[in-house]
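The structure appears below as structure tokens.
The values are calculated or read from the model by the stated rules, or taken from the named source; none is laboratory data. Source: prediction; values computed, not measured. Every residue, glycine among them, receives a Cβ derived from its backbone with ideal geometry; neighbour counts consider all protein chains shown. The accessibility values were calculated without ligands, DNA or RNA, using every heavy atom of the protein model including side chains. Shrake-Rupley method; radii C 1.70, N 1.55, O 1.52, S 1.80 Å.
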Amino acid sequence: MTEQKAASIRQNDRSDTLPDFTSLGVIARVLLVVNGAAVAAALANSQSWSEIGRRFFEIALWVEPALFAVLAALYATSPLLARLRYAAGITSALVIVAVLTFALSAVQSFLGREPGWWALLRGVAIAIALAAALLEYFRLRDRAFSPALAEARLQALQARIRPHFLFNSLNGVLAIIRSDPKRAEGALEDLADLFRSLLADNRQLIPLREEVSLCSQYLNLERMRLGDRLQIDWIIDSGVEDALVPPMLLQPLVENAVFHGIEPGLAAGSIEIRIRREADRLRIGLSNPYHPEHQHRQGNRMALANIRERLQLHFDVEARLDTAIDGERYRIDMVLPYRRAV
Amino acid sequence: MTPLRVLVVDDEPPARARLRELLDDCRGEAPNIVVGEAANGLEGLDMLASTPVDVALVDIHMPGMSGIEFARHAQLLETPPAIVFVTAHDQYAVKAFELNAVDYLLKPVRASRVAASLRKVAAGVHVTREVLERVDAQPRRFLSVSERGRVMLVPLADVLYVKAELKYLTVRTREREYLIEASLAHLEEEFAALFIRIHRNCLVARRSIRGFERMAGDESEAGWAVLLEGCDEKLPVSRRQWAQVKALSRS
């Protein structure tokens, strides 16, 4: 879903697209709706409470094999379906549903579970109707979230990142411009790059490498101000630099870490950033010293909410962000699907 | 015109250097001489004890002690310095300063603004202790006592209890007692998260409560007493406060 969604966010003419049948969110929603329908059917055919369970079990015997077969088939053919035009894609998906439901039901009838062409055709008809309703639901949902709306939301979210570090950096440069003009020059160059990133079209996913270098430039500027009080540990597994991430994913977190973790400390403190790949997921951990008496200062929660919302727009349920206080350190743990730049 | 003696308090060395340069730039307009630099409020207070200072340029956000708290403690001195705050982006503080006509400089600071502030100081404009109390949004980290011309600081984290006695408050730490001039009600309000009132005249630090003991007594106030961590004294709990104190001891 992610690449597709990222792509659909980019384009301006909105055409409908099939849901990504490989995404967890889509699969979970299908399972939920179909089983919900089965429960409803069991309820409708029952005369007493005790009967509901038995009815549901009977229905499930027919429904579940077909449901899982259809999901597996759609998962496998998803790349092919995505290439078709929307109408053709919908038709193909419905054909898959019809054929598989019919075939599996026929096998079960043949095994003597329940006779009758009538029941068989009725099952297929219900399956097609459910599938059509679900596809329409996904189409409407897609419209609600993308592209125009998602684009507007991303733009709004992006605009809300109003980094204080721009001020801090300008103050830093002004402070050294007479004593160390060379360093001031370098700092202004870093600042220009940061401005460029901030003003860029920030709605497409970018390689992690770019986000990391942005953070390094930002940290260079902060070190000008904070000196040795600011210590950074980057632990980045080799090969993850190509992973695609939303732009400005790390920078606000690193800025928060400086603001809440380093600035309030009299002694030096370290920010640790650890990025690694775990199978098909990218895991980003960030930790900084925790100062309990400093927590009332606003801003942290806003940045976290902002990043969570953008993760959701890009990755749906497949990404998450957790925070924890672990003794004297504040930790952020972020997981997102591992996608590579092509 | 005698030059103003200036103290610069900021935790970031480049920021101090910048203020020095600016003070240098506006020397013609507003004669001044930098008599000291401090990297935090504690250093700043030490410096005030040894060096006469007319005006302190103070950054608001500093580790250990905020600039506003520094200014509040500095007011205990016999001749407190005038205070000019410096901040980059604290909307809350700026609003409070505006409302209370407290002088402040916004970073990046300009030489002309520094000169204007110094001229105001030379004309005798001073913030008062009350105003500083009003603009300080955060509880202090230290209580302060004026002793022999210098400001003694007592970290609130060390305080076991505070007791009202006639005109003064007795502040007890593990090591010793201090007498400060303040009101118990104000302290209770400012440090509600830290202290609990156990008696009309006594606040106890929540984290120093070790337990409770039944006092065998025949007076009207006989009842429970608080046992403290790191101190043998037992403090009586009044009947009126017992319900609250007990609720705390359960949690």
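Put a dot 7 Å past the Cα of A:ALA41, heading toward its Cβ, do the same for B:ASP232, and the two dots end up 8.3 nm apart.
Each label point was placed 7 Å from the Cα along the Cα-to-Cβ direction; for B:ALA123 and A:SER50 their separation is 9.4 nm. Each Cα pair under 8 Å and six or more residues apart adds its separation to the average, and for chain A the resulting relative contact order is 15 percent.
Helix by helix, which DSSP H runs in chain B go 15 Å or more along their axis at the Cα atoms and have an average Kyte-Doolittle hydropathy of -0.5 or more?
The qualifying helices are B:111-122.
Once C-alpha pairs closer than 8 Å and six or more residues apart are averaged by separation and normalised to the residue number of the stretch B:114-251, the relative contact order reads 14 percent.
Candidate cross-link partners of B:LYS163 among the lysines, defined by an alpha-carbon separation under 24 Å and a same-chain spacing of 8 or more, comprise B:LYS234, B:LYS246.
What does the charge add up to near B:GLY64, with Lys and Arg as +1, Asp and Glu as -1, over the other residues with Cβ less than 9 Å from its Cβ? Summing Lys and Arg as +1 and Asp and Glu as -1 gives 0.
Between the listed residues A:TYR137, B:TRP224, B:MET47, the Cα displaced farthest toward the positive end of the dipole of the protein assembly as shown, a dipole computed from Cβ unit charges relative to the Cα centre, is found at A:TYR137. One chain, two ends: A:ALA98 and A:ARG331. Fully extended at 0.36 nm per residue, the span grows by 78.9 nm beyond their Cα-Cα distance.
Please state the relative contact order of the stretch A:241-342 as a whole percent: Cα pairs under 8 Å, 6+ residues apart?
33 percent
Here B:ASP46 sits with roughly 90 square angstrom of accessible surface, probe radius 1.4 Å.
From helices alone, chain A scores -20500 deg cm²/dmol at 222 nm; the rule is -39500 (n - 2.57) for each run of n ≥ 4 DSSP H residues, then divide by the residue total. Per residue of peptide B:152-158, the mean number of Cβ atoms on other chains within 10 Å of the residue Cβ is 0. Run down the lysines and flag those whose C-alpha is under 22 Å from the C-alpha of B:LYS120, throwing out any fewer than 8 positions away in its chain. Output for B:LYS120: B:LYS95, B:LYS107. Cα centroid separation, the stretch A:196-238 to the stretch B:157-214: 47 Å. Counting only DSSP H runs of at least 4 residues, each contributing -39500 (n - 2.57), and dividing by the residue count of chain B, the helix-based mean residue ellipticity at 222 nm comes to -9000 deg cm²/dmol.
The angle between the Cα long axis of helix A:24-44 and the main principal axis of chain A comes to about 40°, on a 0 to 90 degree scale.
Taking 7 Å steps out from each Cα toward its Cβ at A:ALA267 and A:TYR137 produces label points 5.6 nm apart. Suppose R0 equals 30 Å; then what is the FRET efficiency for B:LEU166 and B:ARG239 from their Cβ-Cβ distance, rounded to the nearest 0.05? According to the calculation, E is roughly 0.80.
Remark: mean inter-chain Cβ contacts per residue of A:170-179 equal 6, using a 10 Å Cβ-Cβ cutoff to other protein chain atoms. With Rh defined as the Kirkwood radius, the inverse of the mean 1/r over Cα pairs, the Rg/Rh of the stretch B:1-128 is 0.92.
Ordered from highest to lowest accessible area with the whole protein assembly present and a 1.4 Å probe, A:MET248, A:MET302 read as A:MET302, A:MET248. With R₀ fixed at 30 Å, the C-beta to C-beta distance from B:LEU99 to B:ALA193 puts the FRET efficiency at about 0.75. Per residue of B:39-48, other chain Cβ atoms within 10 Å of the residue Cβ number 0 on average.
Straight-line cross-link partners of A:LYS182 among the aspartates and glutamates, defined as a Cα under 15 Å from its Cα and at least 8 positions apart when in the same chain: A:ASP190. Where a ≥ b ≥ c are the square roots of the eigenvalues of the C-alpha gyration tensor, would you call the stretch B:80-128 rounded, which needs a/c under 1.5, or, failing that, prolate if a/b is larger than b/c, or oblate? It is oblate, given that a/c is not under 1.5 and a/b is not larger than b/c. Set the Förster distance to 45 Å, then compute FRET efficiency between A:ALA106 and A:ALA305 from the Cβ-Cβ distance, nearest 0.05. About 0.30, to the nearest 0.05.
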